Amino acid sequence: MPMPDFASKTPAEFWEGIYVNALSQTSGRPSQILEHFGESRAPGKALDLGCAKGDDIVWLARRGWHVLGVDISSAALRLAARNAERNRVLDQAVFERHDLSESFPNGEFDLVSAMFLQSPYDFQRSMVLRTAAAAVRPSGLLLIATHQTHAPWSWSDPNEPEITARKRLDDIGLDLSQWHQIFVGPFRRTATGPDGQYAEVTDAVLALERLGPE
C-alpha cells in the first residue's frame with residue numbers, strides 16, 4: 001500500500017484525515033499481543049496509547065478494566081467511543097486527545113499499552129515510552145509493541161532499519177533494576193490486511209512489570 005500524502009500536513013491533520021472518513025465498523029478483535037500478555041492480569045486501571053477505533057479498550061473493559069483511551073485524532077476517539085457504546089462498556093472508558101509529543105495524560109495505571117506508535121513523521125518515541133513507563137504503578141504492566149517486519153500492504157518506509165525488542169528497550173533507557181522482564185523479544189503473529197488478506201509478521205515486544213515494594 002503506498003504511503004499516504006503527509007508532506008503538507010501536520011501529524012494531527014494527517015491522522016485526522018485517516019480516521020475522519022473511516023468506517024465505524026471494527027474487527028472486533030483486540031491486539032493479539034494485548035490478549036496474550038493481558039489475559040491473566042487482574043483488572044485495574046489501564047491506559048491505551050494510540051487507541052484508534054478502540055477494540056483493545058472494549059476487550060479490557062469486558063474483563064473489568066477501567067480504561068483511558070488516548071489518540072491524536074479526535075475522529076478516532078469518536079469511533080472508539082461509539083465502539084465502546086455499542087459494546088455496552090462506555091461507562092468503563094474515558095477518552096482524551098493528546099499529541100504525545102506535546103502532552104501526556106495524568107495519573108498512574110496498572111497497565112500501560114503502547115501498540116505500534118508508528119508515524120511517518122519525526123516522533124520522539126523513546127521519550128514518549130519513558131513517560132509511559134513512569135505512569136506504571138508498582139506491580140503494573142508496561143506493554144510495548146513495534147513492527148519489526150512489515151506486511152506487504154504496509155505503507156511503512158521499506159528502508160527503515162529493523163527494530164528489535166532489545167534495541168527498543170535500550171533506546172528507552174529504563175532502570176532495569178526496577179522492572180521484571182516478562183518478555184523481551186520477537187512475537188510472531190498473523191496480520192490481517194485492509195482487503196482481508198493475511199501475512200505472517202514479527203513484532204518487537206516488551207512486557208515489563210514494575211517491581212513493587214519488598
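Please treat every number below as a calculation from the coordinates, not as lab data. Remember, it's a predicted structure, so these values are computed and weren't measured experimentally. Virtual Cβ from ideal backbone geometry, glycine too; neighbours counted across all protein chains shown.
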Q) Under the Kirkwood approximation for Rh and a Cα-based Rg, what ratio Rg/Rh is obtained for the chain? A) 0.93
Q) Of Leu117, Leu174, Phe187, which is farthest on the positive side of the dipole of the chain, counting Cα position, with +1 on Lys and Arg Cβ, -1 on Asp and Glu Cβ, and the Cα centre as origin? A) Phe187
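With a 10 Å radius around each residue's Cβ, average the other Cβ atoms per peptide and rank 29-35, 49-55, highest first.
Ranking the peptides 29-35, 49-55 by packing returns 49-55, 29-35.
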Q | Partners for Lys53 among lysines (Cα-Cα distance below 23 Å; same-chain residues under 8 apart left out) | A | Lys9, Lys45
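Taking the Cα centre of segment 11-210 as origin and charging only Cβ (+1 Lys, Arg; -1 Asp, Glu), how large is the dipole, in debye to the nearest 20?
Details: 20 positive and 26 negative charges, 130 e Å.
Taking the Cα centre of segment 11-210 as origin, the dipole is about 620 debye.
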Q. Taking only DSSP H segments of four or more residues, each worth -39500 (n - 2.57), what value at 222 nm results for the chain once the sum is divided by all its residues, to the nearest 500 deg cm²/dmol?
A. -7500 deg cm²/dmol
